Amino acid sequence: MTTANLLDFDLEGLAAFVETLGEKRFRATQLFRWIHQRGESDFDRMSDLAKSLREKLKTAARIEALPVITRNDSADGTIKWLFDVRDGNAVEAVFIPEDDRGTLCVSSQAGCAVGCRFCSTGHQGFSRNLTTGEIVAQLWFAEHFLRRHLKTSERVISNVVMMGMGEPLQNYSALVPALRTMLDDHGYGLSRRRVTVSTSGVVPMMDRLGQDCPVALAVSLHAPNDELRDNLVPLNRKYPLAELLDACNRYLEHAPRDFITFEYCMLDGVNDQPEHARQLIDLVRHHAGRGVSCKLNLIPFNPFPQSGLTRSPNTRVTAFAKLMSDAGIVTTVRKTRGDDIDAACGQLAGDVKDRTRVGERIALQRTVILKPVTSIAGTKET
């Protein structure tokens, strides 16, 4: 008999499931709390549930975690887990501790079909979408592991960023129930401002998310013009910058924050010159005559051999940030965390049975010769 994985359900879905067992809907709230607030997977230990319900659950349901293949601990406290998601696929999640927060970076797909040039995950190709239960299981495991590890009953993870493997908005039907579980006061009780979905710019799904479950939004921008972004983020050919920024402004009407975060990976000689900064300033300040309320997050590139790209020097990143800040755009430079265990931004790679022939596609991308640009010092770079 096939049993239901209760991690697949948000509270409303769990209530509907409980009703199929002939139970009242309020039992779902009790069960939801046991699962997510207490991290319990043994129905016999759920002491305030009627014994009759516990017996039904034993035959009809399960709480299925993801098997941990490996765990790596960084010198800076970052922890990376590799989870088995069956059929030869594995995904990674990363916990990043800071003084004022604990952030979990969660994967939404086994691999990624977008194929951004600077992303290690994208170079692996794409196998499949994760289920809601597989997305939630990363948080369920990490939160309750960390409580035991740190010997605390208090919540450890205060922030979740959907910035792991995959493009979250290309797995929309599984993503939204997972987000609702994270936000639910009977679940993890996270603030909408502290749950962030990162997207490379799937415009129709940005509009749907704004209506269905608005959380903080980060957009992988990485280029100030369509010609360059077409090469770095292939999805731009379908949803170019003008359409993307229009969608950002529509999202802001519903967002819990009054700005969109633009992620910008700093690539040596590719997108890091003063001219790029000036184009970016013009883009975000004057798009459609009103610009986009945003915060810019500059990300030092984490090199890997297949990309053919290198990291911008720190001096150039600093100069770029100063140009943006002087123009009145709030700009930060992301602090690199977990790079000694390949857990930094763009490094998550897991293990994916590619079904998309990504190697061929990215090899073609790399044959595109980027135009020489003038560096800060006035020399030519490619």
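FYI, it's all coordinate maths here, none of it is from the lab. Not measured: the values here are computed from a predicted model. Please note: Cβ atoms are built from the backbone with ideal geometry, for glycine as well, and neighbour counts cover all protein chains shown.
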Item to check | Interchain or long-range residues, amide H under 5 Å from Thr121's placed H | outcome: Leu348
Checklist entry - By how many degrees, between 0 and 90 and to the nearest 10, does the Cα long axis of helix 203-212 differ from the longest principal axis of the chain? => result 40
Checklist entry - Stretched out fully, how many nm does the piece from Thr152 to Thr310 gain, at 0.36 nm a residue minus the Cα gap? => result 52.7 nm
Checklist entry - What residues have an amide H closer than 5 Å to that of Cys265, excluding those fewer than 5 places away on the same chain, when H is modeled at 1.01 Å from N in the peptide plane? => result His222, Ile299
Checklist entry - Listed here are the pairs Lys24/Lys58; Lys295/Lys322; Lys51/Lys151; Lys151/Lys335; Lys238/Lys335; Lys238/Lys322; which of them are more than 20 Å apart at the Cα? => result Lys51/Lys151; Lys151/Lys335; Lys238/Lys335; Lys238/Lys322
Checklist entry - Any idea which of Thr103, Ala50, Gly269 is furthest toward the positive side of the dipole for the chain, if Lys and Arg beta-carbons carry +1 and Asp and Glu beta-carbons -1? => result Ala50
Item to check | the chain - mean residue ellipticity at 222 nm from DSSP helices (-39,500 (n - 2.57) per run, n ≥ 4, rounded to 500) | outcome: -9500 deg cm²/dmol
Checklist entry - Which value, in Å to one decimal place, does the Kirkwood hydrodynamic radius take for the stretch 115-187 when every pair of different Cα atoms is included? => result 13.9
Next on the checklist: I'd like the antiparallel share, as a percent to the nearest 5, of DSSP beta bridges with both residues in the chain.
Outcome noted: 45
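Among the trypsin sites (Lys or Arg not before Pro) within the stretch 113-163, which fall in a DSSP loop and have no more than 15 other Cβ atoms within 10 Å of their own Cβ?
Sparse-neighbourhood loop trypsin sites (Lys or Arg not before Pro): Lys151, Arg155.
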Item to check | Stretch gain in nm, segment Thr336-Ala319, where the contour uses 0.36 nm per residue and the Cα spacing is subtracted | outcome: 4.3 nm
Checklist entry - What does the highest-first list of 84-97, 16-29 look like by mean Cβ count within 10 Å? => result 84-97, 16-29
Checklist entry - Hey, what do the phi angles of the stretch 13-27 turn into as Karplus ³J(HN,Hα) couplings, whole Hz, using 6.51/-1.76/1.60 and θ = phi - 60°, x for Gly and Pro? => result x, 5, 4, 5, 5, 4, 5, 5, 8, x, 10, 6, 5, 5, 4
